[in-house]
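Have a look at the structure below, then the notes.
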Amino acid sequence: MIIEPKIRGFICTTAHPQGCAEHVREQIAFVRAKRPIQGVKNALVIGSSTGYGLASRITAAFGANAGTIGVCFEKPASGNRTASAGWYNTAAFEIAAKEHGVMARTINGDAFSDAVKKETIAAIREECGQVDLVIYSLASPRRVHPRTGETFSSVLKPVGRSFTSKTVNVQSGVVTEVTLDPASQDDIRNTVAVMGGEDWNLWIEALDQAGVLAQGAITTAYSYVGPELTYAIYREGTIGRAKDDLEDTALTLDARLELSGGRAFVSVNKAVVTQSSSAIPVVPLYISLLFRVMKERGLHEGCIEQMYRLFAERVYSDGPVSVDERGRVRMDDWEMRSDVQAVVDELWQRAQTGSLTDIADLGGYREDFLKLFGFGFPDVDYDADTSPDVPIPSVAPIEEGV
């Protein structure tokens, strides 16, 4: 079949296997060209198939020569429907890891469930015995609690009062106003249950109790702060409440792991184009302005650049990990520089449909968005007849009717 991008709102419903493989190869090439990372032997990446999670797995495998076990929830191809981008990313990663001579195994299932935790622990015992790095990078809109069976769904809403601001349709370039009603207490509770720190804590407890968490192990989860103009929808909204819970969990885990020489912390990362960030009103407009400013200053980073810098220069560098007053590693330091934010603020005031071509990097945003799904790579023949059926080597095929 000929696979083309089919965009609906903030999501692309198709993915290209060769394009996704090229995206993975580009990230691997970036890491392999850098200085090797010393200090990690085996990593568990929970949420390993896209974005920062995938970049973390690539950095561990090809930057530190570490064995990796990834946990994700991706769909294979079915009939005329392509697999998800994360499925193709994972297949390409495993093939490259085998060629590189490092262990790679993937557990495909609901990471919130006890069953997947047990399956992952069994895989760790079988493949490497213990893990000394645990990366928690889940981005899911829904969670079924493993103990109570209650289903939680996260929402993108402000807290306390309604919020009106600019937003942009990235595909058309049209700037409009969006108004969001305030969240209820149930909305806040649900979002914290999905995106907060409870499941991260359950993972560390399960790994530790099973004896597969190495002494001195490090664990990190990812967060975002952003500028004041996005606070109402992000840091002070329902997502922000969840991130507060995640950061509180990091402090608790850090005190626990420190007893055996380990660490737990949250890394506050730079704004990038991901499937998750594309869904948040206001944020795509901010990102397109930010990209313009950071690229002009030579400060722009994507997921792989951020993750290499995090592990090579912060986590596994000489000396203690530098954290802020909340115990967070600030990988958003270049984004939040005063000179960068001053220009972004000025551009934000001027942002309207007719001005974006001159003041924003919508082209860069669209390019990054399409690359998430394997489109826009010059060396890929998108007119070629392409089979969507690509297996992940370590994942058993799903039988029909199951």
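The values are calculated or read from the model by the stated rules, or taken from the named source; none is laboratory data. Note that the structure is a prediction, hence the values are computed from the model and not measured. Positions of Cβ are generated from backbone atoms using ideal geometry, with glycine treated the same way; all protein chains shown enter the neighbour counts.
Please verify whether residue 267 is surrounded by 19 or more Cβ atoms within 10 Å (Cβ to Cβ), part of a helix (DSSP H, G or I) and not aliphatic (A, V, I, L, M), treating the condition exactly as stated. Taking the combined requirement at face value, the residue does not satisfy it. Output the residue which, of all residues in the stretch 334-350 that are surrounded by fewer than 19 Cβ atoms within 10 Å (Cβ to Cβ) and either small (Gly, Ala, Ser) or within 18 Å of the chain's Cα centre (by Cα) (or both), is nearest to residue 289 (Cα to Cα). Among those residues, the one meeting the criterion is 342. Scanning the stretch 115-126 for residues that are surrounded by 16 or more Cβ atoms within 10 Å (Cβ to Cβ), within 22 Å of residue 274 (Cα to Cα) and modelled with pLDDT of 95 or more turns up nothing. Exactly one residue among 285, 289, 259, 251 is farther than 22 Å from residue 71 by Cβ, over 20 Å from the mean Cα position of the chain (by Cα), surrounded by 24 or more Cβ atoms within 10 Å (Cβ to Cβ) and of a type in the set (A, V, I, L, M), and that residue is 289.
Checking 35, 8, 81, 57 one by one, the residue that is free of Cβ contacts under 8 Å to residues at least 60 places away in the same chain and among the basic types (Lys, Arg) is 8 and no other. Taking residues in the stretch 117-129 that are closer than 11 Å to residue 211 by Cα, and partners anywhere that are of a type outside the set (Asp, Glu) and assigned to a helix (DSSP H, G or I), the pairs with Cβ atoms closer than 9 Å and at least 6 places apart or on different chains are 121/206; 121/207; 124/207. The residues listed here are 93, 112; of these, the one that is at pLDDT 95 or above and touching a Lys or Arg at 6+ places or on another chain (Cβ under 6 Å) is 112. Identification of strands (runs of 3 or more DSSP E) wholly contained in the stretch 151-230 with 3 or more residues that are of a type outside the set (S, T, N, Q) and at pLDDT below 95 yields 163-169, 174-180.
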